[in-house]
Amino acid sequence: MTTWFGYVGKLLRIDLAREKHTIEELSEDDAKLFLGGIGLAAKIVFNEVDPRIDPFDEDNKLVFMTGPLTGTLVPGASRTVVAAKSPLTLAWGESHFGGFWGPELKRAGYDGVIIEGKAKTPVYIFIHNENVEIRDAEHLWGLFTGDTEEKIRKEVGDEKTRVACIGPAGENLVRYAAILSDERVAGRTGMGAVMGSKNLKAIAVRGTGSIRIKEARQLRRNVARLYPMIMSYPPNQILSAYGTNGEMLSFYEYGDTPIKNFTMGTWEGIKRIEGKAIVSKYLKSHKACFACPVGCWKIVRIDEGKYAGTEGRAPEYETAGALGAMLLNDDPETLIYLEKLCNDYGIDTISAGVTLAWAMEIYERGLITKEDTGGIEIKWGDPETIVKLIEMIGRREGFGNVLAEGTRLASNIIGKGTEKYAMHVKGLEVPMHDPRAFKGMGLQYATSNRGACHLQGTFFRIEQGERIPDLKIYRRVYRFELKDKGWMVAVVEDWHEVLESLGLCKFVQIYPGHVAGFYSLTTGIVKRVRDLQKDGERIFNLKRVFNVIAGVSRKDDILPERFLKEPLKDGGAKGQIVELEPMLKEYYSYRKWNENGIPTEEKLEELGILDMVKQRCSQLGVKLYQ
């Protein structure tokens, strides 16, 4: 029997339809090839879910997975990933959250949970060490996420229980519904809707075990040495003081913060919704996820006015951009309320804001009228309308039922040329970094497996001048240049697969050499940076094959026309467009993908997954290469 370090060595599989669970041993080969976290989740989903099925089919599986560093003292080791086929992109889906749920799951004795089938009626799962229960959740159905967490903790009689749950948006199958745990959000690609489709309201976890570390003393020493370096990194100092929204003014100067559905480069309202302005006035307390020295989690409270008594997480940068600048909403108190409202309902703020921006633009252009919206006048910068539409989305009422589909599907429903104004890639709404300001981000958006994703590589950091010698990025990269962006984006994408597989938060900013050391000291499995990088490449390519079987090809590695043909008239990215094709050509060549965007047999053989891919394609009756 394997003695595991870092890993717990067990996976919990729960069949909701049969109301049964089994415990499986973690494979040593899987741990070495796919690491954990998103890597192991990708392997499971690839082998067990047909990429062509309806995401709401009960045969879709929902995988919660921690990494081997999750729950250890490594800085930022709090992360959990959730993966399934996405109801929003209709292809690969994944989301990530920090907080305390993942560490608690490992202390309960499991590296991950695989959810399959569909419960006949609403249920929640309670995991208390070796005891696993499927409990009735009829009385919880319809509750907001915070209320759900509170009620479950009271029911199980332990305030230390950690709960991951959905709100009404997930229950109503809003395609970008999120999963919440202690105000930390697995927001993107609609994993909350998959959870709702299975009649699963929550997974509550309480663990009293511990995680074995191979070289615990040396790990503690290395972590202690690293803390000063982490906190000397300027972005971390900003995050620590003001949260993620503390960088908004910096991004704005680059022309990076999107305004009015990516049509404007400057806007006076930005000064009222950036992080320092909000936190300085409304801050109640600072919080941090498990093992985090940075503490970007800010709690704010409104004491007076219309939203008096509203208390919760301060608007993140993505929320302030999506529900603020994108909609020309410069009211900070409305933003605070909207952050809480979206978290209550369990709604991804990025997809919600971009979808509302699309609706506002097509309303302004006369492509829809009050007859389409149920009598609602959808105007830019109208806080009351934004609040009303978010509530309608969460309940799928009226025009909110259309908006709950996301920009791609909603624009297909409306037609009339509205597709042109839907800002998405592969169905996932574009986040709050304009690729005309950082052109490598445009390539990252186009090629990310889950669609437009700023976290697949955070390449804007490289284009701000950061160098990563461990990944052979030795020189400073100019944000508007195209040279070398293809291979650099691929390299950074692969490294971020590593971080998401090990369970590390990207905001903490640990250099690859240190990450490799932490992994080796924790697990006893010695890997260098180049070994981990190859693991990341393997994971990225496996997800790409899943997408290819789902119907994704080179035609989908594209950006909205606005980025390719419409330069901004002012601001820090004035006059710029994204010249995608030359970067994409270099990217494909570096990746060893063919002209259709399919990883070649040579590449899959090099990564050690060709036989697995061939076997799975044979099971599905699929031919990758015609």
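The values are calculated or read from the model by the stated rules, or taken from the named source; none is laboratory data. Computed from a predicted structure; not experimentally measured. Backbone-built Cβ (ideal geometry, glycine too); neighbour counts: all protein chains shown. The area values use the complete protein model at the heavy-atom level, side chains included, leaving out ligands, DNA and RNA. Shrake-Rupley method; radii C 1.70, N 1.55, O 1.52, S 1.80 Å.
Counted as qualifying within the range 402-481 are the helices (runs of 4 or more DSSP H) with 1 or more residues that are under 18 Å from the mean Cα position of the chain (by Cα), within 28 Å of Y233 (Cβ to Cβ) and touching a residue at least 40 places away in the same chain (Cβ under 8 Å), namely 439-447, 460-463. Scanning the range 196-209 for residues that are closer than 8 Å to A108 by Cα and either of a type outside the set (D, E, K, R) or open to solvent by less than 10 Å² (accessible area, probe 1.4 Å) (or both) yields V205, G207, T208, G209.
Inspect the range 21-34 for any residue being within 20 Å of the chain's Cα centre (by Cα) and either modelled with pLDDT of 95 or more or over 29 Å from G524 (Cβ atoms) (or both) and give the result as yes or no. Yes: the range 21-34 contains one or more residues that are within 20 Å of the chain's Cα centre (by Cα) and either modelled with pLDDT of 95 or more or over 29 Å from G524 (Cβ atoms) (or both). Of the listed requirements (1) of a type in the set (F, W, Y); (2) crowded, with 24+ Cβ neighbours inside 10 Å; (3) part of a loop (DSSP other than H, G, I, E, B), W380 misses just one: (2).
Checking each residue in the range 59-70 for being closer than 30 Å to H514 by Cβ and either over 19 Å from the mean Cα position of the chain (by Cα) or touching a residue at least 60 places away in the same chain (Cβ under 8 Å) (or both) picks out F64, T66, G67, P68, L69, T70. Condition (residue is among the aromatic types (F, W, Y) and under 22 Å from A291 (Cβ atoms)) applied to the range 501-513: is it met by at least one residue? The answer is yes; a qualifying residue exists.
For the range 103-130, filtering for residues that are in contact with a helix residue (DSSP H, G or I) (Cβ under 9 Å, 6 or more places away or on another chain) and on the phi < 0 side of the Ramachandran plot leaves 13.
Beta carbons closer than 9 Å, at least 6 apart along the sequence or on distinct chains, pair a first residue in the range 131-155 that is closer than 12 Å to L180 by Cβ with a second that is open to solvent by 40 Å² or more (accessible area, probe 1.4 Å) and assigned to a strand (DSSP E or B) for E149/R162. Among all positions in the range 184-194, there is no residue which is open to solvent by less than 10 Å² (accessible area, probe 1.4 Å), farther than 24 Å from S448 by Cβ and not acidic (D, E).
Number of residues in the range 287-343 that are within 19 Å of the chain's Cα centre (by Cα), open to solvent by 40 Å² or more (accessible area, probe 1.4 Å) and small (G, A, S): the value is 0. Within the range 59-69, restricting attention to residues that are part of a loop (DSSP other than H, G, I, E, B) and open to solvent by less than 10 Å² (accessible area, probe 1.4 Å), the residue that is farthest from G9 (Cα to Cα) is N60. Selection of the range 1-58 for residues being among the basic types (K, R), open to solvent by 40 Å² or more (accessible area, probe 1.4 Å) and in contact (Cβ under 8 Å) with a residue 40 or more places away in the chain yields K10, R18, K32, K43, R52. Checking each residue in the range 528-537 for being crowded, with 19+ Cβ neighbours inside 10 Å and either under 23 Å from N47 (Cβ atoms) or β-branched (V, I, T) (or both) picks out V529, L532, D535, G536, E537.
Against the condition surrounded by fewer than 23 Cβ atoms within 10 Å (Cβ to Cβ), at negative phi and not acidic (D, E), how does K485 come out, does it pass? In short, no. All of V113, V156, V132, V123 fail the test of being at pLDDT 95 or above and out of contact with any Leu (no Cβ under 8 Å at 6 or more places or on another chain), apart from V156. Scoring S280 on the criteria (1) under 20 Å from L356 (Cβ atoms); (2) open to solvent by 30 Å² or more (accessible area, probe 1.4 Å) leaves a single failure, condition (1). Residues in the range 344-371 that are among the polar types (S, T, N, Q) and either open to solvent by less than 10 Å² (accessible area, probe 1.4 Å) or on the phi > 0 side of the Ramachandran plot (or both): 2 in all.
Taken over the range 505-518, residues that are open to solvent by less than 20 Å² (accessible area, probe 1.4 Å) and closer than 17 Å to H454 by Cβ amount to 1.
Take W487 and decide whether it is more than 24 Å from P75 (Cα to Cα) and among the aromatic types (F, W, Y). For W487, the condition - more than 24 Å from P75 (Cα to Cα) and among the aromatic types (F, W, Y) - is met. Determine if the range 71-86 includes at least one residue that is in a loop (DSSP other than H, G, I, E, B) and over 19 Å from T522 (Cβ atoms). Scanning the range 71-86 turns up at least one residue that is in a loop (DSSP other than H, G, I, E, B) and over 19 Å from T522 (Cβ atoms). Within the range 176-235, the set of residues being hydrophobic (A, V, I, L, M, F, W, C), outside any loop (DSSP other than H, G, I, E, B) and more than 30 Å from L90 (Cβ to Cβ) comprises A204, V205, A216, L219, V223, A224, L226, M229, I230, M231. Looking at the range 383-394 only, could you name the residues that are under 23 Å from the mean Cα position of the chain (by Cα) and either surrounded by fewer than 18 Cβ atoms within 10 Å (Cβ to Cβ) or at pLDDT below 95 (or both)? Once the filter is applied, which keeps residues that are under 23 Å from the mean Cα position of the chain (by Cα) and either surrounded by fewer than 18 Cβ atoms within 10 Å (Cβ to Cβ) or at pLDDT below 95 (or both), the range 383-394 yields only E391. Residues in the range 369-409 that are more than 25 Å from G269 (Cβ to Cβ) and aliphatic (A, V, I, L, M): V402, A404, L409. Annotation note: Cβ proximity below 8 Å between a residue of the range 535-561 that is free of Cβ contacts under 8 Å to residues at least 12 places away in the same chain and a residue that is β-branched (V, I, T) and surrounded by 22 or more Cβ atoms within 10 Å (Cβ to Cβ) (sequence gap 6+ or interchain) occurs for no pair.
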